[in-house]
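Undergrad: After the structure tokens below, expect a handful of questions from me.
The values are calculated or read from the model by the stated rules, or taken from the named source; none is laboratory data. If you're wondering where the values come from, they're calculated on a predicted model, not measured in any experiment. Don't worry about glycine lacking a Cβ; one is built from the backbone with ideal geometry, like all the others, and counts go over all protein chains shown.
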Amino acid sequence: MAKLQVVFGHDKTPIDIQISQRKKVGTDYDIFDIQNEYLPTYQALLLPAHEMMEEKTQAALTRSKPRDFYDIYFLLRSGLLDYKLRNQLGKVKEILIAKKVRFADELSLFLPRSMKPIADSFPKALLIELEKFL
């Protein structure tokens, strides 16, 4: 992980960059051009959407950190989760109900302030989305 701090005028903005060094299982990936006004255009190689959904679901089932559950919430709200994962999401729901975690405390560490109401409503917000999906 790289931790940078960018200064714009009097404001300091932290930037965290995480790069996975996991062994590649295949060569299948999606290529995206990243454009912005600060850097030249560059390409990002990303996991295909179906693999990313499977990995996010597996993380919620095994690691079960608040950010894993938030990822599931985000994917559900975005309509990105595949119905093939329905059985696994039922298990995610069971873990979520049994989990005794202060979600708001942990989620507020990485979510922007505008998402504070969502963090405060966890796990209820995710349970509502899971009910719609299941």
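Undergrad: If LYS132 satisfies all but one of (1) within 17 Å of the chain's Cα centre (by Cα); (2) modelled with pLDDT of 90 or more; (3) not aliphatic (A, V, I, L, M), what's the number of the condition it fails?
TA: (1)
Condition check ((1) touching a helix residue (DSSP H, G or I) at 6+ places or on another chain (Cβ under 9 Å); (2) loosely packed, with under 12 Cβ neighbours inside 10 Å; (3) in contact (Cβ under 8 Å) with a residue 40 or more places away in the chain) across all residues:
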| position | (1), (2), (3) |
| --- | --- |
| LEU4 | no, yes, no |
| HIS10 | no, yes, no |
| THR13 | no, yes, no |
| ILE19 | no, yes, no |
| GLN35 | no, yes, no |
| GLU51 | no, no, no |
| THR57 | yes, no, no |
| ASP71 | yes, no, no |
| PRO112 | no, yes, no |
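Undergrad: When you check ASP68 against the structure, is it modelled with pLDDT of 90 or more, under 18 Å from the mean Cα position of the chain (by Cα), among the acidic types (Asp, Glu) and closer than 23 Å to LYS3 by Cα, yes or no? Break it down into steps so the answer makes sense when it comes.
TA: On the way: modelled with pLDDT of 90 or more: yes; under 18 Å from the mean Cα position of the chain (by Cα): yes; among the acidic types (Asp, Glu): yes; closer than 23 Å to LYS3 by Cα: yes.
Yes, satisfied.
Undergrad: Hey, could you check region 120-132 for residues that are in contact (Cβ under 8 Å) with a residue 40 or more places away in the chain and not aromatic (Phe, Trp, Tyr) and say which is farthest from TYR73 (Cα to Cα)? Please lay out each step first, then the result.
TA: At the first step, the residues of region 120-132 found to be in contact (Cβ under 8 Å) with a residue 40 or more places away in the chain are 122-123, 125-126, 129-130, 132.
From the residues that got through so far, the ones that are not aromatic (Phe, Trp, Tyr) too are 123, 125-126, 129-130, 132.
Details: PRO123: 10, ALA125: 8, LEU126: 5, GLU129: 7, LEU130: 8, LYS132: 12 Å.
The qualifying residue farthest from TYR73 (Cα to Cα) is LYS132.
Undergrad: Assuming LEU75 fulfils every condition listed in (1) more than 21 Å from ASP16 (Cα to Cα); (2) of a type outside the set (Asp, Glu); (3) surrounded by 14 or more Cβ atoms within 10 Å (Cβ to Cβ); (4) out of contact with any Leu (no Cβ under 6 Å at 6 or more places or on another chain) apart from one, which condition is it?
TA: Condition not satisfied by LEU75: (4).
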